Amino acid sequence: MKLVLDLLIGDAQSDRVVPPTGIAARLTVFVAGAMAFLAVLAVALTLTAARVADAWANELAQAATLRLPVGADDALVIAALNLLETTPGIASARVLSDAEQAALLAPWLGADIGLDELPVPRLIAIVAEDQGYDAAGLRARLTGEMPTAVLDDHGRWRAPLVQAASRVRLVGWFSFLLIVAAMAAMIVLAAHASLAAHAQVIRVLRLVGARDVYIARAFVRRFTLRTGLGAIGGVIIGLLALELLPDADTAGGFLANVGFEGAGWLWPLVIPLLAAIVGFVATRAAAMARLRDQT
Amino acid sequence: MIELDNVSYGYRGQPLFSQLSLELAPGSFHFLTGPSGAGKTTLLRLCYADLQAQQGQVRLFGKDATRLDRDAVALTRRRIGVVHQDCQFLDHLSVAENIALPLTVSGRVAEAAANLSELLNWVGLAEQAHQLPQELSGGERQRAALARAVIMSPDFIIADEPTGNVDWEMSQRLMTLLTELNRMGKTILIATHDLNLIRTIKSGVSARVLRLRGGLLDQAGAEL
Ligand SMILES: Nc1ncnc2c1ncn2[C@@H]1O[C@H](COP(=O)(O)OP(=O)(O)O)[C@@H](O)[C@H]1O
Ligand SMILES: [Mg+2]
């Protein structure tokens with residue numbers, strides 16, 4: 001904590017011994033800002049993808065439909081409902097109304113279709129209890145008692161969806177790591193450039209008895225503050241950019257707004273801090289390595 | 001205090017001097033003379049660990065200079081005040097800040113204010129304290145460099161051509177300052193090629209004059 005305070009407040013006199021840097025300083029602020037911007041987007045997309053995939057997978061895991069053939073009569077529907085309600089693990093089963101079926105088809109066929117004119121199967125929505133039901137057993141029973149009914153438990157969709165989601169997550173975190181690494185590399189380069197530009201200043205400081213840590217601190221302090229401030233700017237712009245993305249229709253949890261939710265909001269706070277830490281470590285390593293080579 | 005024991009040094013494989021021995025006792029006053037290019041600056045740099053002997057041993061305050069790590073070198077330099085041939089100021093700091101620099105970098109900023117005004121008066125730079133070093137005349141720069149060299153109250157003071165680029169009257173003033181320091185018990189080593197200067201000051205202090213020529217160091221006497 002004391003180190004952080006020292007770093008932030010510093011000692012004005014020791015700061016003055018190294019003249020303000022020109023281009024390397026501004027580049028560092030820019031790089032930190034740009035990288036923080038990208039980091040915010042990468043993390044937001046990753047978190048959102050994970051959230052959406054979780055929602056989908058959960059929804060699909062609990063919901064299933066039983067499809068009865070086109071023109072199925074009411075007796076068959078009632079028999080099917082009976083069969084489903086006596087199956088352990090199924091919480092409820094309900095015939096979709098015409099309006100609900102029309103709503104399902106509306107995106108494909110338009111809102112003003114008459115269901116009567118179409119050969120549409122009757123659908124029964126099944127809601128499972130939390131522990132789930134034995135889909136294979138139910139299927140076997142249906143084959144015996146009701147061969148025309150088809151159980152769709154979305155299993156075919158779920159596995160690839162969950163897999164795709166975990167890939168997206170992996171790629172997202174990998175991008176984040178790359179962004180952090182690229183930022184560290186750029187800061188090391190900028191720190192080396194700055195140290196090289198100040199070789200004569202460093203020589204004078206050494207001649208009057210300055211220790212390496214003292215000289216390094218003057219550089220490290222600046223680069224840490226610059227990366228931290230640049231990153232705060234980048235995060236703010238990143239959050240604004242996320243605000244500007246069009247709102248998705250979140251009803252039904254099928255899509256989600258790209259952004260942060262709940263504990264995810266820690267990330268915009270963590271990113272500048274992380275940038276400052278990266279700036280600190282990278283500059284310190286660069287400075288100590290370079291000073292060791294200079295008399 | 002400072003001992004050179006059979007020290008050799010040269011650039012690019014060409015030996016400048018070899019097997020050179022010298023002992024600077026506490027409180028002594030030495031002049032180092034010799035033609036330009038003889039190696040005076042090189043010899044002085046060995047004395048504040050800016051260069052390391054290629055052969056032989058340099059002992060600074062009893063410690064082998066080659067065994068000092070970078071931090072130890074820094075701490076040793078705080079005990080040696082150096083007036084460099086080219087002054088070595090930081091151009092973006094004021095004269096006062098440059099003079100206080102050794103205190104600043106040793107974390108003794110608080111002491112700077114107290115010592116500074118006294119020191120500025122001593123070298124006659126009170127008026128110029130807030131100017132930049134490049135705005136000073138040659139003589140003023142040399143006096144500022146001397147003030148910086150003594151601000152840590154070092155026991156040992158090295159001056160490399162402190163009267164170069166300085167008129168006669170000013171070099172007299174600088175020499176007076178250095179002899180004052182010697183009377184306060186400081187050990188002094190001054191490199192200069194100006195024999196007239198040595199002649200005028202020799203009566204005031206008991207100085208030894210060393211001459212570096214052709215890679216050899218000997219006592220000068222007769223021609224002074
Ligand atoms: N860094 C260096 N690299 C190569 N040659 C040098 C270097 N410094 C000094 N010399 C050479 O060493 C010789 C002695 O230099 P120096 O010690 O400055 O002599 P002086 O101070 O007596 O004039 C000169 O010939 C000079 O050119
Ligand atoms: Mg010289």
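The values are calculated or read from the model by the stated rules, or taken from the named source; none is laboratory data. Keep in mind that what you see is a predicted model, and the values were worked out from it rather than measured. Neighbour counts run over all protein chains shown; Cβ positions are idealised from the backbone, glycine included. Surface accessibility is based on the protein's heavy atoms, side chains included, excluding ligands, DNA and RNA. Shrake-Rupley method; radii C 1.70, N 1.55, O 1.52, S 1.80 Å.
In region A:216-227, the condition of being outside the structural domain of A:Leu96 (by TED's automatic domain parsing) and part of a loop (DSSP other than H, G, I, E, B) is met by no residue. Considering B:Met184, B:Met152, which residue is under 15 Å from the mean Cα position of the chain (by Cα) and more than 16 Å from ligand 2 (Cβ to nearest atom)? After ruling out the rest, the residue left standing is B:Met152. On inspection, B:Gly27 does not qualify as within 14 Å of ligand 1 (Cβ to nearest atom), assigned to a loop (DSSP other than H, G, I, E, B) and under 20 Å from the mean Cα position of the chain (by Cα).
Restricting to region B:31-42, and then to whatever is of a type in the set (Val, Ile, Thr) and near ligand 2 (Cβ under 9 Å from one of its atoms), can you tell me which residue is nearest to the chain's Cα centre (by Cα)? This residue is B:Thr41. Residue check: A:Thr65 meets all listed conditions (1) within 30 Å of A:Arg226 (Cβ to Cβ); (2) open to solvent by less than 40 Å² (accessible area, probe 1.4 Å) but one, namely (1). Restricting B:Ser28, B:Ser8, B:Ser21, B:Ser94 to residues that are in contact with an Asp or Glu (Cβ under 6 Å, 6 or more places away or on another chain) and more than 16 Å from ligand 2 (Cβ to nearest atom) narrows the list to B:Ser21. Where strands (runs of 3 or more DSSP E) sit wholly within region B:157-224, those with at least 1 residues that are of a type in the set (D, E, K, R) and crowded, with 16+ Cβ neighbours inside 10 Å occupy B:207-213. Tell me, please, whether a residue that is open to solvent by less than 20 Å² (accessible area, probe 1.4 Å), facing chain A (nearest Cβ under 9 Å) and not aliphatic (A, V, I, L, M) can be found in region B:14-23. No, region B:14-23 contains no residue that is open to solvent by less than 20 Å² (accessible area, probe 1.4 Å), facing chain A (nearest Cβ under 9 Å) and not aliphatic (A, V, I, L, M). Considering B:Thr41, B:Thr66, the condition of being open to solvent by 10 Å² or more (accessible area, probe 1.4 Å) and closer than 21 Å to B:Asp218 by Cβ is satisfied by B:Thr41 alone. Per the listing B:Arg183, B:Arg208, B:Arg199, B:Arg143, the residue uniquely away from ligand 1 (no atom under 16 Å from the Cβ) and in contact with a His (Cβ under 7 Å, 6 or more places away or on another chain) is B:Arg208. Against the numbered list (1) assigned to a helix (DSSP H, G or I); (2) under 29 Å from B:Leu24 (Cα atoms), B:Asp86 comes up short only at (1). Selection of region B:74-108 for residues being in contact (Cβ under 8 Å) with a residue 40 or more places away in the chain, open to solvent by 40 Å² or more (accessible area, probe 1.4 Å) and within 15 Å of the chain's Cα centre (by Cα) yields B:Arg78, B:Arg79, B:Gln85. Among the residues of region B:109-122, just one is in contact with a Leu (Cβ under 6 Å, 6 or more places away or on another chain) and either open to solvent by less than 70 Å² (accessible area, probe 1.4 Å) or not in a helix (DSSP H, G or I) (or both), namely B:Ala112.
Quick one: which strands (runs of 3 or more DSSP E) sit completely within region A:31-144 and have at least 2 residues that are more than 35 Å from the chain's Cα centre (by Cα) and of a type outside the set (A, V, I, L, M, F, W, C)?
Result: empty, no element qualifies.
Taking the stated definitions as given, is A:Arg221 open to solvent by less than 50 Å² (accessible area, probe 1.4 Å), in contact (Cβ under 8 Å) with a residue 60 or more places away in the chain and within 14 Å of another protein chain (Cβ to nearest Cβ)? No; evaluated as a whole, the condition is false for this residue. Might you let me know whether region B:52-73 holds any residue that is in contact (Cβ under 8 Å) with a residue 40 or more places away in the chain, facing chain A (nearest Cβ under 9 Å), aromatic (Phe, Trp, Tyr) and more than 14 Å from ligand 1 (Cβ to nearest atom)? No - not one qualifying residue is present in region B:52-73.
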